[in-house]
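The values are calculated or read from the model by the stated rules, or taken from the named source; none is laboratory data. Quantities reported herein were computed from a predicted structural model and do not represent experimental measurements. FYI the Cβ positions are ideal-geometry reconstructions off the backbone, even for glycines, and counts take in every protein chain you see.
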Amino acid sequence: MSITRDYIKEKLNAQFGDGIISWNDASDILTIEVKPELNLKVLTFLHDEPTLGFQFLTDLTGIHFPDKTGAEIGVIYHVHNLKENVRLRVKIFVPIQKPDVYTATGLYSGANWMERETFDFYGINFIGHPNLKRVLNVDEMDYHPLRKEFPLEDQTRIDKDDEMFGR
Amino acid sequence: MARPVRFNVNPQDFTDRGINEIEMPEGHMGEGFFTTSFDKVVGLARKNSIWPLPFATSCCGIEFMATMGSHYDLARFGSERVGFSPRQCDLLMVMGTIAKKMGPVVRQVYLQMAEPRWVMAVGACASSGGIFDTYSVLQGIDQVVPVDVYVPGCPPRPEAIIDGVLKIQDLIHDESLRRRHSDQYKHLLETYGIQ
């Protein structure tokens, strides 16, 4: 039997109720947004519940919406039930002043480097991560480059004339 | 049956085909002796036996492979011996995008080379960061090591790389033997934090 979206909704609603902020049924993958403090509980439930069995973490990434006051920084988990070939997207959003998120490394070992990468680029503090340090950028870097307040271009470059580039 | 083999028995005239022999340095010549300055002899020897150290990270490295191949043949300029140990090499050829994380590696390779050493930045990325004007890419290797010749292009054709090598040869030929001991050179290295 394949896991239907309705079944996933039913199970999650019964377990978490108000903990799930929103559902997005329209896109290709069922997407849920949950309260940030519940992220680990929801993921554990999805992982351990025998009839759900989302036991594979496909991707873990971050996002920054500067206009969403109070919920600027997001973490997105893609989980996959390999047996039934069903995917699910779980989102959480935290304020940029205090981007604390519980780590998923206890649940998925593969989350280790992905959380380090997300920390590297967005400065998300994964509470309980065994080795939270930069993984892709140079260690001396003192900012998180994919946050929107930082320009993409390297600021050490001096040969670019703004007038010539129409800026 | 005769084999389809042809032997070219007609000698060719190379004089008008732009093939140069190395000119003799200025000096006095007599019966059985030739005097010139030490600078010129050393320059001549060095410039025609450069050992390049390829530091190839991307597409410019592919062009360098073509340059070393039989068609373009860098060996014609005495540089066929590509050394992969920095301690034996004279010319560091940095070809390709150097990420900021790679910067210390380039520097380390440069430090391991023995004097006299030259550096050539091949391609837009090594020279200036190129199109990768972004937080993760070093905006030109001259931020970490002093560069002698920049070869423009994205990637430069093998002819351009050969032209760069010839420019390096000119530099080597004209370099004073005292240059590496001069205050100016020491100051240059100091600006890069190299003792």
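A quick yes/no check of all residues on (1) surrounded by 14 or more Cβ atoms within 10 Å (Cβ to Cβ); (2) modelled with pLDDT of 90 or more; (3) of a type in the set (A, V, I, L, M):
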site: A:G19; (1), (2), (3): yes, no, no
site: A:D25; (1), (2), (3): no, no, no
site: A:V42; (1), (2), (3): yes, yes, yes
site: A:F65; (1), (2), (3): no, yes, no
site: A:E72; (1), (2), (3): yes, yes, no
site: A:H78; (1), (2), (3): yes, yes, no
site: A:R87; (1), (2), (3): yes, yes, no
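Evaluating A:Y108 against the criteria (1) more than 14 Å from chain B (Cβ to nearest Cβ); (2) closer than 24 Å to B:S136 by Cα leaves one unmet condition, (2). Restricting attention to segment B:31-50, which residues are part of a loop (DSSP other than H, G, I, E, B), out of contact with any helix residue (DSSP H, G or I) (no Cβ under 8 Å at 6 or more places or on another chain) and polar (S, T, N, Q)? Within segment B:31-50, B:T36, B:S37, B:S49 qualify. Among the residues of segment B:72-90, those that are among the aromatic types (F, W, Y) and touching a helix residue (DSSP H, G or I) at 6+ places or on another chain (Cβ under 9 Å) comprise B:Y72, B:F77. Filtering segment B:129-146 to residues that are closer than 19 Å to B:L111 by Cβ and surrounded by fewer than 20 Cβ atoms within 10 Å (Cβ to Cβ) leaves B:D142, B:Q143, B:P146. Count, please, the residues in segment A:142-167 that happen to be more than 9 Å from every other protein chain (Cβ to nearest Cβ) and at pLDDT below 85. The qualifying residues number 7. For segment B:117-156, a residue qualifies if it is assigned to a loop (DSSP other than H, G, I, E, B), more than 9 Å from chain A (Cβ to nearest Cβ), closer than 24 Å to B:A66 by Cα and over 15 Å from the mean Cα position of the chain (by Cα), and the qualifying residues are B:G130, B:I131, B:G153, B:C154, B:P155. Inspect segment A:137-148 for any residue being in contact with a Pro (Cβ under 8 Å, 6 or more places away or on another chain) and closer than 13 Å to A:L60 by Cα and give the result as yes or no. No, segment A:137-148 contains no residue that is in contact with a Pro (Cβ under 8 Å, 6 or more places away or on another chain) and closer than 13 Å to A:L60 by Cα.
Inspect segment B:12-33 for any residue being more than 30 Å from A:E140 (Cβ to Cβ), at pLDDT 90 or above and surrounded by 15 or more Cβ atoms within 10 Å (Cβ to Cβ) and give the result as yes or no. No, there is no match, as no residue in segment B:12-33 is more than 30 Å from A:E140 (Cβ to Cβ), at pLDDT 90 or above and surrounded by 15 or more Cβ atoms within 10 Å (Cβ to Cβ). Looking at segment B:153-161, is at least one residue closer than 17 Å to B:G123 by Cβ and loosely packed, with under 14 Cβ neighbours inside 10 Å? Within segment B:153-161 (the criterion being closer than 17 Å to B:G123 by Cβ and loosely packed, with under 14 Cβ neighbours inside 10 Å), the answer is yes, since at least one residue qualifies. Is it the case, given these coordinates, that A:D139 is among the acidic types (D, E), within 14 Å of another protein chain (Cβ to nearest Cβ) and surrounded by 14 or more Cβ atoms within 10 Å (Cβ to Cβ)? So A:D139 fails the test.
Looking across segment B:180-189, the residues that are without any contact (Cβ under 8 Å) to a residue 60 or more places away in the chain and assigned to a helix (DSSP H, G or I) come down to B:H181, B:D183, B:Q184, B:Y185, B:K186, B:H187, B:L188, B:L189. Restricting attention to segment A:112-136, which residues are part of a helix (DSSP H, G or I) and away from chain B (no Cβ under 12 Å)? Those that are part of a helix (DSSP H, G or I) and away from chain B (no Cβ under 12 Å): A:N112, A:W113, A:M114, A:E115, A:R116, A:E117, A:T118, A:F119, A:Y122. Among the criteria (1) part of a strand (DSSP E or B); (2) farther than 21 Å from B:G140 by Cα; (3) not hydroxyl-bearing (S, T, Y), the one B:F55 does not fulfil is (2).
In segment B:58-114, the residue that is farthest from the other protein chains (Cβ to nearest Cβ) out of those that are β-branched (V, I, T) and either closer than 22 Å to B:H173 by Cβ or without any contact (Cβ under 8 Å) to a residue 60 or more places away in the chain (or both) is B:V82.
Would you confirm whether any residue within segment A:16-23 is part of a loop (DSSP other than H, G, I, E, B) and among the polar types (S, T, N, Q)? No: segment A:16-23 contains no residue that is part of a loop (DSSP other than H, G, I, E, B) and among the polar types (S, T, N, Q). A:K133 meets each of the listed conditions (1) loosely packed, with under 14 Cβ neighbours inside 10 Å; (2) touching a Ser or Thr at 6+ places or on another chain (Cβ under 9 Å) apart from (2).
Is it true that some residue in segment A:90-103 is within 14 Å of chain B (Cβ to nearest Cβ) and surrounded by fewer than 15 Cβ atoms within 10 Å (Cβ to Cβ)? The answer is no, given that none of the residues of segment A:90-103 is within 14 Å of chain B (Cβ to nearest Cβ) and surrounded by fewer than 15 Cβ atoms within 10 Å (Cβ to Cβ).
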